[in-house]
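To keep things clear, I will list the structure first and then write my remarks on it.
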Amino acid sequence: MANKIPNVRLNTGFDMPIFGLGTWKSKPGEVTEAVKNAIDVGYRHIDCALVYQNETEVGAAIQAKIAEGVVKREDLFITSKLWNTFHKKDEQTKKILEIATIKPAVNQVEIHPYLTQVKLVEFLKSVDIAVTGYSPLGSADRPWAKPEDPKLLDDEQLIALGKKYNKTAAQVVLRWLTQRGIIAIPKSVQKKRLEENMNIFDFALSDEDMAYVNTFERNGRGCHLAWNNDHPDYPFHAEF
Ligand SMILES: NC(=O)c1ccc[n+]([C@@H]2O[C@H](COP(=O)([O-])OP(=O)(O)OC[C@H]3O[C@@H](n4cnc5c(N)ncnc54)[C@H](OP(=O)(O)O)[C@@H]3O)[C@@H](O)[C@H]2O)c1
């Protein structure tokens, strides 16, 4: 069932759907089908990047769906990202705000129940910068995951919480993010999961359960950028 996806109004005046499709690790041979399926079931926001090495195949899906008349280009919010070597010197958010002539509209950072980012989200809201939560499902397929690493979606407490709402652990996590006003971009190449992940706008977590999920915090960062640990700004996030 396709639920209506709310928008987040950016400080640029544009609206960004609070829910979209992640495409990192989606193989070139499978991502075209995944994006087509996602558009068919109602996704209107696709998160891409040059470094994912599949933008041509994502583009082919978008082009096909526009040609079929399923969507118009202006119906879609497409995110891309320059790789770091195309940027000027890295700056943290506060430093950027001090010198930037164009204020950033969105900060995309890792957020899920094991890395709740409560203070960073609070700060970004206070300066009118929207937040996208990447790896919202814990990114179990990240290439450097070790077998002993905890898997967010296997968390018994999340599964139990889901049962209370007749939802899966993934749906609880995605609802918790979007209910905080955070844009969520779960990746899947499986049609059933594309639909499952989107089916989160027909229920709400209670205030107590929102706070309960926040207690899962364990500084569980999956994307650590440790290969840049000699950079003066490493780890590229404030220690709150
Ligand atoms: N800016 C950045 O530096 C940055 C870094 C990381 C990620 N991102 C963006 O964020 C997106 C999402 O993050 P992510 O790809 O790291 O991980 P994620 O979305 O947290 O998790 C993806 C994994 O969860 C599985 N999955 C999806 N839905 C599921 C469900 N309902 N039940 C069980 N498993 C499910 C997927 O498998 P299947 O595909 O087989 O369903 C895949 O293994 C990326 O694709 C990318 O667009 C950005």
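Worth pointing out:
- Being more than 25 Å from LEU10 (Cα to Cα), within 11 Å of the ligand (Cβ to nearest atom) and at pLDDT 95 or above is a property that LYS163 lacks.
Yes/no per residue for (1) of a type in the set (A, V, I, L, M, F, W, C); (2) closer than 20 Å to PHE236 by Cβ; (3) surrounded by 14 or more Cβ atoms within 10 Å (Cβ to Cβ); (4) at pLDDT below 95:
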site: THR12; (1), (2), (3), (4): no, no, no, no
site: MET16; (1), (2), (3), (4): yes, no, yes, no
site: PHE19; (1), (2), (3), (4): yes, no, yes, no
site: THR56; (1), (2), (3), (4): no, no, no, no
site: ARG73; (1), (2), (3), (4): no, no, no, no
site: LYS89; (1), (2), (3), (4): no, yes, no, yes
site: LYS95; (1), (2), (3), (4): no, yes, no, yes
site: ILE111; (1), (2), (3), (4): yes, yes, yes, no
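- Positions within the range 218-231 being over 15 Å from PRO136 (Cβ atoms) and touching a residue at least 12 places away in the same chain (Cβ under 8 Å), in sequence order: ARG218, ASN219, HIS231
- Qualifying residue in the range 221-237 (condition: in contact with a helix residue (DSSP H, G or I) (Cβ under 6 Å, 6 or more places away or on another chain), assigned to a loop (DSSP other than H, G, I, E, B), of a type in the set (Phe, Trp, Tyr) and under 30 Å from ASP15 (Cβ atoms)): no
- Filtered residues of the range 19-49 (kept if touching a strand residue (DSSP E or B) at 6+ places or on another chain (Cβ under 7 Å), among the hydroxyl-bearing types (Ser, Thr, Tyr) and more than 12 Å from the ligand (Cβ to nearest atom)): TYR43
- Pick from the range 72-90, criterion under 16 Å from CYS48 (Cβ atoms) and part of a loop (DSSP other than H, G, I, E, B), ranking: nearest to the ligand (Cβ to nearest atom): LYS81
- Matching residues in the range 166-189 - criterion: being within 16 Å of the chain's Cα centre (by Cα) and more than 10 Å from the ligand (Cβ to nearest atom): VAL172, ARG175, TRP176, LEU177, THR178, GLN179, ARG180, GLY181, ILE182, ILE183
- Residues that are of a type in the set (A, V, I, L, M) and touching a helix residue (DSSP H, G or I) at 6+ places or on another chain (Cβ under 8 Å) within the range 2-36 comprise ALA2, ILE5, ILE18, LEU21, VAL31, ALA34, VAL35, listed in sequence order.
Quick grid of which residues meet (1) within 11 Å of the ligand (Cβ to nearest atom); (2) within 20 Å of ASN7 (Cβ to Cβ); (3) part of a loop (DSSP other than H, G, I, E, B); (4) not polar (S, T, N, Q):
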position: PRO104; (1), (2), (3), (4): no, yes, yes, yes
position: LEU120; (1), (2), (3), (4): no, no, no, yes
position: ASP128; (1), (2), (3), (4): no, yes, yes, yes
position: GLY133; (1), (2), (3), (4): yes, yes, no, yes
position: LYS146; (1), (2), (3), (4): no, no, yes, yes
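The values are calculated or read from the model by the stated rules, or taken from the named source; none is laboratory data. Note that the coordinates shown come from a computational prediction; the quantities given were computed from them, not determined experimentally. Positions of Cβ are backbone-derived with ideal geometry, glycine not excepted, and every protein chain shown enters the neighbour counts.
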